[in-house]
Amino acid sequence: MIDHDRLFKELISTFFLEFLELFVPDVIAYLEPNTLVFLDKEVFTDVTAGERYEADLLVQVKFRGQPSYFLIHVENQAKAQADFGKRMFRYFARLFEKYDLPIYPIVVFSYDQPKQAAATQFKVEFPEFEVLNFNYRVIQLNQLNWRNYLGQANPVASALMAKMQIAPADRPKVKAECLRLLVTLRLDPARMQLISGFVDTYLKLTDAEEQAFEEELGRIEPEAREEVMQIVTSWMQKGIEQGIEQGIEQGKREGEVSIVIRLLKRKLGEVTPEVEAQVRELKLAQLEDLSEALLDFSSVEDFQIWLGNLQGES
């Protein structure tokens, strides 16, 4: 499972000013860049719904040329949610109560569906009287066309193009363009890896798309192509290493399954296909525990009792 919140929080917090510059440039004009302070995460509980929420990103910053401060609250939403505006208002109200500072609320909608424009406000009103009109800035990635960000020398653009509005046939091209833009930014290796990993996570290509991706790489100007190929090679090497690790783990597990079944047969006589199937469903650590526990078994019922205790613990 992809931890969307972690990936987006890491990207935005690492390139926070670049994020603002790309999507809300007017804010850059009145904040003091060297006063950014990332505050500890805020946890909110909704007792009525029985749910617990954490504010994704909360930053304190000083108004330029003034002694006063304000907060910027950035929330990433990876799934469409009914009444999301109400949740944003609850965040706003509780943060305002705690800090007593102006709050600039921003939502990044990073889901693929639905495509229709998301709401940007939460209202409480009566037929003749508007009580509340709470507005928040919305950055809905599936409403943005990746082509409009090709010329942006911005690391956030090079990452988030991978989540923008992309025609299926353009996926290989977008992946190549994300990397082409990335290598022109001349970032340090850690930040390069952060963005390239983000792109590879959200633009996993099929075999056919990989072939088109290789063709797109060939069209990149030679001076940038070599650096892009280094990134692609690192992806391949990482995939190979993960495959080897998974293969070793699977090999250990299969070997342990074989040993446990042989021990069960030696201890209890012939075991049924149902028992073998139950053994094959166990994890490696559970198989290792079983290989010790079965020394005390005297019947298949002992195995079933052990299995029942294991399921009770989980």
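Within this structure, residue 162 passes the test of being without any contact (Cβ under 8 Å) to a residue 60 or more places away in the chain, out of contact with any Asp or Glu (no Cβ under 7 Å at 6 or more places or on another chain), within 20 Å of residue 10 (Cα to Cα) and not charged (D, E, K, R). When the strands (runs of 3 or more DSSP E) confined to the range 93-199 are screened for residues that are over 27 Å from residue 80 (Cα atoms) and either in the same structural domain as residue 11 (by TED's automatic domain parsing) or over 21 Å from the mean Cα position of the chain (by Cα) (or both), none reaches at least 3 such residues. Scanning the range 199-218 for any residue that is of a type in the set (Val, Ile, Thr), touching a Pro at 6+ places or on another chain (Cβ under 7 Å) and at pLDDT 90 or above turns up nothing. The residue list 191, 180, 147 contains one member that is touching a residue at least 24 places away in the same chain (Cβ under 8 Å) and either buried (at least 20 other Cβ atoms within 10 Å of the Cβ) or within 20 Å of residue 25 (Cβ to Cβ) (or both), which is 180. When residue 252 is tested against (1) of a type in the set (D, E, K, R); (2) surrounded by 13 or more Cβ atoms within 10 Å (Cβ to Cβ); (3) at pLDDT 70 or above, only condition (3) is not met. Filtering the range 9-22 for residues that are modelled with pLDDT of 80 or more, part of a loop (DSSP other than H, G, I, E, B), in contact with a Leu (Cβ under 7 Å, 6 or more places away or on another chain) and surrounded by 13 or more Cβ atoms within 10 Å (Cβ to Cβ) leaves an empty set. Whenever a residue of the range 283-306 is touching a residue at least 24 places away in the same chain (Cβ under 8 Å) and surrounded by 14 or more Cβ atoms within 10 Å (Cβ to Cβ), its partners that are hydroxyl-bearing (Ser, Thr, Tyr) and not in a helix (DSSP H, G or I), lying with C-beta atoms within less than 8 angstrom and at least six residues away or across chains, give the pairs 300/272.
The values are calculated or read from the model by the stated rules, or taken from the named source; none is laboratory data. Worth saying up front: this structure is predicted, and the values here are computed from it rather than measured. Don't worry about glycine lacking a Cβ; one is built from the backbone with ideal geometry, like all the others, and counts go over all protein chains shown.
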